[in-house]
Amino acid sequence: MPTVLIIDDNPAVATALSVLLSLHEIDAEYAAEPEAGLTRLARGGIDLVIQDMNFSADTTSGEEGVALFRRIRAAHPDLPVILLTAWTHLEAAVDLVKAGAADYLAKPWDDARLVASVRNLVELGQANRELMRLKSSQRRRSEALKSELDLRGLVFADPAMAELLQLVAQIARAEVPVLITGPNGAGKERIAEILQANSQVREGPFVTLNCGALPSELIEAELFGAEAGAYTGASRAREGKFEAADGGTLFLDEIGNLPSAGQMKLLRVLETGRFERLGSNRERQVKVRVLSATNADIPAMIRAGQFREDLYYRLNLIELKLPPLAARPLDILPLAEHFLAGRKPLSAAAREALVRHAWPGNVRELRNVIERASLLARGAQIEAIDLGLPTASHQAVSEGSGAEEPDRASIEAALARAGGVVAQAASELGLSRQALYRRMERLGIAR
C-alpha cells in the first residue's frame, strides 16, 4: 500500500486528507512543519508528498512552501510532490510545477481530482524508481562487460546487446565453432572480431572470407588453396584461407552461399582439421577455429536440399543471434554520437527522428545516414531534416484527443527505453496506462 506524507500546519487539513486517502487504500502520515517533514522523509518509505505553501500563522506569501519544495527536491529528486495552494500564491505553485513539482491543487480541493492525482503520481513514481533501478543494473552490467571483454571499440547501451555480449564472454575461450545469425548490417563481423580478440588464439591470425562475394567455382580455391594449373588462370600454387588462418580464427561470412562441394570439404575440415588443395592429393593439417555468419534461413535451406544438415549442426554448436538495430533502440543514439565523433551535435528533433526510424539497414544504414548528415547539414547542429529519413505516418487518435497515434515502432521503442515499465512508456507517449495497454493488445505487443 502506498504511503503519502502530508506536511501542513493545519491538523484539520491533515485529518481530512488522511480520511480521504484511507478510503482509497492509501496510507497517510502527517508532519506539522517543514523540519519534521524533512526528518520523516529522510527515513524513507514515502511514495508522495502533499505540502502546504504556508506554515506560519501570519504568513500568506507562499515563500515557506517554495523553500520546503526546493529542499525536498534537492534531497529527493524523484519524489512526487503535490502543492496545496490558495489563490493568493497560485502563480508561485505554477512556477514550482515548471521547476519539477508534480501537481498543485487549490484549496478547497476536489476529492476526486486529488485521489486521481495521487494514484497516478504514485504509480509513475514507482515506475520511475523501477526504471532507475533497471538502468543502474544495466549500467553495472555494461561496465562489467567492458572490463571483462576486449570489445574492439564496440558501442552499445541496450540490454539486448549486453545479453548477447554476456554469452560472448562465456564462449569466447572455448575452441568450438560459432554461428552468428542476424540481418545484414547489424554487425556480425564485429561480433566475430570480439570472439577472436577474447579467445585462446587471439595472438593468431584473424582471416575473413565473404562466401557471397565470390563466384561459386572460386570459393573452394579461396578456402583450401590450389596447386598451379588446378583451374583456368591458376598459374602458380596458392594457399587458401584455412592455411592462412592456421593457429588462429577463420571467419566465414554469408556461409549460406557456400556451394555443395565446398560444404562437404568444410565439414571434413571441421571434423578432422585435414584438407587438400585443389589439384593436390597431399593432405594438410591445420588448427583453426571457425566462426561463421549468415542472414539466411539455414533450416529452410536444409529442407530445400540447399545446405547440408550435418554441416549446419557442426557450425552452430553455439549460435549467437544478433538482434536488428530496431530491436535494441537504446543503441541508436550512442552509435549516432560515435559516428559523429564530435563534428556536430544532434538537435532534439534529430534525436527523436533517429529513435523513431525503423532502421531496415541496421547499423550500416545508421552510419551512412550520420555521415551524409554531417556533410550536408548547413547549421551549427544536425536537424531532423538533415537526416533524410522518411516521416513516420501516424493516424489521429480516435479518442478525440487531437494527438498523434503512436505506431508499433514508437510503442516498442518507448517500452524499450522504459525497461518494459508500461506506466513510464505511457507517460512518454502521452497516453494513460490503460490506453497504452489497449494499443499493445491491438498491435499484438507482448506485455
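Quick look at the numbers
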{"read-out": "Antiparallel bridge percentage (DSSP; both residues within the chain; nearest 5)", "value": "10"}
{"read-out": "Cross-link table Lys241/Lys321; Lys265/Lys287; Lys241/Lys287; Lys146/Lys287, entries beyond 23 Å C-alpha to C-alpha", "value": "Lys241/Lys321; Lys146/Lys287"}
{"read-out": "Relative contact order [Cα under 8 Å, 6+ residues apart], the chain, whole percent", "value": "12"}
{"read-out": "Peptides ranked, highest mean first, by Cβ atoms within 10 Å: ranges 314-320, 95-101, 110-116, 412-418", "value": "412-418, 314-320, 95-101, 110-116"}
{"read-out": "The stretch 194-314: C-alpha gyration tensor shape, a/c 1.5 cut-off, then a/b vs b/c", "value": "oblate"}
{"read-out": "FRET E, pair Ser56, Arg133, Förster distance 35 Å, beta-carbon r, rounded to 0.05", "value": "0.35"}
{"read-out": "Sites Thr272 and Leu340 - FRET efficiency at Förster radius 45 Å, r taken between beta-carbons, to 0.05", "value": "0.40"}
{"read-out": "Net length gained if the chain between Arg71 and Asn210 were fully extended (0.36 nm per residue, minus Cα distance)", "value": "43.9 nm"}
{"read-out": "Packing rank of 212-223, 158-169, 135-146, where each peptide gets the mean count of other beta carbons within 10 Å, highest leading", "value": "158-169, 212-223, 135-146"}
{"read-out": "Solvent-accessible area per residue for the stretch 30-106 (1.4 angstrom probe, square angstrom)", "value": "48"}
{"read-out": "Degrees, to the nearest 10: 11-22 long Cα axis against longest axis of the chain", "value": "40"}
{"read-out": "Extension gain (nm, one decimal) between Asp27 and Gln170, 0.36 nm per residue minus Cα-Cα", "value": "46.7 nm"}
{"read-out": "Radius ratio Rg over Rh of the stretch 1-89, counting only Cα atoms, Kirkwood formula for Rh", "value": "0.94"}
{"read-out": "Linear extension gain, Ala12 paired with Lys98, 0.36 nm per residue minus alpha-carbon span", "value": "28.0 nm"}
{"read-out": "Percent of C-alpha pairs per 20 Å bin, the chain, short to long", "value": "20, 38, 27, 12, 3, 0"}
{"read-out": "Loop sites in the stretch 148-247: trypsin sites (Lys or Arg not before Pro), DSSP, at most 16 other Cβ within 10 Å", "value": "Arg152, Arg173, Arg202, Arg236"}
{"read-out": "Pair-distance profile P(r), taking every C-alpha pair of the stretch 190-233, with 10 angstrom steps and integer %", "value": "23, 35, 29, 13, 0"}
{"read-out": "Per residue accessible area in Å² of the stretch 177-231, where ligands, DNA and RNA are left out and the probe is 1.4 Å", "value": "38"}
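The values are calculated or read from the model by the stated rules, or taken from the named source; none is laboratory data. Computed from a predicted structure; not experimentally measured. Every residue, glycine as well, gets a Cβ built from its backbone with ideal geometry; the counts of neighbours run over all protein chains shown. Heavy atoms of the whole protein, side chains included, go into the accessibility calculation; ligands, DNA and RNA do not. Shrake-Rupley method; radii C 1.70, N 1.55, O 1.52, S 1.80 Å.
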